[in-house]
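I have placed the structure first, in the form of structure tokens, so that the comments after it can refer back to it.
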């Protein structure tokens, strides 16, 4: 039993490290955006232009996540961040995302 607990602990530890290592920079995604279209991504960068928007579906947070390039983040969970924060988010990348009132290019949508 101790051995299986140790193996599980090692697995969980490695899974956490792998998840952190899997975060991509916005510039990496944008270098080959078509290959990420419609796929789950984890992106790390600096928050810019943070804002809340009231929609028919509730309040949504929107901002850019940047390194040398930026992706748009549409956060339906409405997480609060500050401009300048360095964060990591996970969602679905869309080369073009059509919201009810407008479209966005290179967007990560968090549901």
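Bear in mind these aren't lab numbers, they're just calculated from the coordinates by the rules spelled out. From a predicted model like this one, the values you see are computed outputs, not experimental measurements. Here the Cβ is made from the backbone with ideal geometry for all residues, glycine too, and neighbour counts use every protein chain on show.
Name every residue in the stretch 39-57 that is without any contact (Cβ under 8 Å) to a residue 24 or more places away in the chain and assigned to a strand (DSSP E or B), in order of residue number. If the condition is that a residue be without any contact (Cβ under 8 Å) to a residue 24 or more places away in the chain and assigned to a strand (DSSP E or B), then 51, 53, 54 are the ones that fit. Of all residues in the stretch 24-34, those that are part of a helix (DSSP H, G or I) and surrounded by 10 or more Cβ atoms within 10 Å (Cβ to Cβ) total 7.
Looking at the stretch 39-54, which of its residues are loosely packed, with under 15 Cβ neighbours inside 10 Å and within 13 Å of the chain's Cα centre (by Cα)? Across the stretch 39-54, the qualifying residues are 39, 40. Residues that are over 19 Å from residue 40 (Cβ atoms), touching a residue at least 24 places away in the same chain (Cβ under 8 Å) and assigned to a loop (DSSP other than H, G, I, E, B) within the stretch 58-100 comprise 67, 68, 69, 78, 81, 82, 83, 84, 85, 99, 100, listed in sequence order. Restricting the stretch 63-111 to residues that are in contact with a helix residue (DSSP H, G or I) (Cβ under 8 Å, 6 or more places away or on another chain) and crowded, with 20+ Cβ neighbours inside 10 Å leaves a set whose member that is nearest to residue 48 (Cα to Cα) is 65.
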